[in-house]
Each structure stands twice: as C-alpha cells, then as structure tokens.
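Novice: Quick one: the structure is below, and I'll ask about it shortly.
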C-alpha cells in the first residue's frame with residue numbers, strides 16, 4: 001500500500017528508498033551506513049560500526065621486572081661453593097684451599 005509522505009516543513013521534497021528495507025523516507029531521514037558508506041539506510045536498519053574494520057592497535061611495550069644482564073655472571077669454573085654457602089673452595093696449581 002502506498003504511503004503519503006508529507007513534505008511540509010522539510011527543506012526539500014526529496015523522497016528516497018532505504019537500501020535495506022526498501023521503504024520510502026524523506027531524504028533527510030536517511031544516513032550512510034557506517035560499514036558500507038555507499039548505502040543510505042534508515043535509523044532502524046543502520047548497523048553499529050564494526051570494530052574489526054579499525055586499524056590494529058599498536059603492540060604493547062612490556063618490560064619484565066627482572067631481566068638477564070648483558071654482562072656475563074659466570075663464576076670461576078675451577079671452584080665450588082662449600083656447604084655453609086659463605087666459603088668458596090678453589091684449586092690453584094692442584095692445591096685446595098679455602099677462600100672466605
């Protein structure tokens with residue numbers, strides 16, 4: 001059934017069809033669809049903007065609280081730590097001695 005659109009008070013007498021539902025609307029009631037800007041749609045058929053169409057976020061800069069230093073932290077391979085943990089047993093020229 002045909003529907004009469006009263007143009008009284010509008011700035012234009014233009015009538016347009018919604019690209020999705022094909023209903024008649026005054027020209028000023030249609031707006032471009034956010035996802036497909038070429039489609040002029042009514043308020044009921046307008047989609048929300050798809051976030052997957054946005055540019056990707058920049059990568060997060062994550063710094064670890066404890067990082068390995070760039071300098072070598074290796075100990076003398078010719079020695080061992082004693083049972084107490086406060087002495088270091090080394091061998092120089094085949095002789096063993098305690099170094100506090």
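The values are calculated or read from the model by the stated rules, or taken from the named source; none is laboratory data. No experiment lies behind these values; they were computed from the predicted model shown. When we count neighbours, we look across all protein chains shown, and the Cβ atoms used for this are built from the backbone with ideal geometry, even at glycine.
Novice: Could you pull out the residue among 59, 44, 55 that is at pLDDT 80 or above, loosely packed, with under 10 Cβ neighbours inside 10 Å and under 17 Å from residue 22 (Cα atoms)? Reasoning before the result, please.
Specialist: Details: 59 fails: under 17 Å from residue 22 (Cα atoms); 55 fails: under 17 Å from residue 22 (Cα atoms).
Criteria check complete, one pass: 44.
Novice: Taking the condition of being modelled with pLDDT of 90 or more, farther than 29 Å from residue 54 by Cβ and part of a loop (DSSP other than H, G, I, E, B), how many residues in region 6-23 meet it?
Specialist: Just the residues of region 6-23 that are modelled with pLDDT of 90 or more, to begin with: 17-23.
Now narrow it down to the ones that are farther than 29 Å from residue 54 by Cβ: 17, 22-23.
Filter once more, so that each one left must be part of a loop (DSSP other than H, G, I, E, B): 22-23.
Matching residues across region 6-23 total 2.
Novice: Let me ask another. Go through (1) modelled with pLDDT of 85 or more; (2) surrounded by 10 or more Cβ atoms within 10 Å (Cβ to Cβ); (3) touching a strand residue (DSSP E or B) at 6+ places or on another chain (Cβ under 9 Å) and name the single condition residue 38 misses.
Specialist: Residue 38 satisfies all of (1) modelled with pLDDT of 85 or more; (2) surrounded by 10 or more Cβ atoms within 10 Å (Cβ to Cβ); (3) touching a strand residue (DSSP E or B) at 6+ places or on another chain (Cβ under 9 Å) except (2).
Novice: When the residues of region 24-35 are filtered to those that are in a loop (DSSP other than H, G, I, E, B) and touching a strand residue (DSSP E or B) at 6+ places or on another chain (Cβ under 8 Å), which remaining residue is surrounded by the most Cβ atoms within 10 Å (Cβ to Cβ)?
Specialist: First, the residues of region 24-35 that are in a loop (DSSP other than H, G, I, E, B): 30, 33-35.
When the remaining residues are screened for being touching a strand residue (DSSP E or B) at 6+ places or on another chain (Cβ under 8 Å), the result is 30, 33.
Details: 30: 20, 33: 17.
The extreme case among them is 30.
Novice: Considering 62, 15, which residue is touching a strand residue (DSSP E or B) at 6+ places or on another chain (Cβ under 7 Å) and free of Cβ contacts under 8 Å to residues at least 60 places away in the same chain?
Specialist: Numbers: 62 fails: touching a strand residue (DSSP E or B) at 6+ places or on another chain (Cβ under 7 Å).
After ruling out the rest, the residue left standing is 15.
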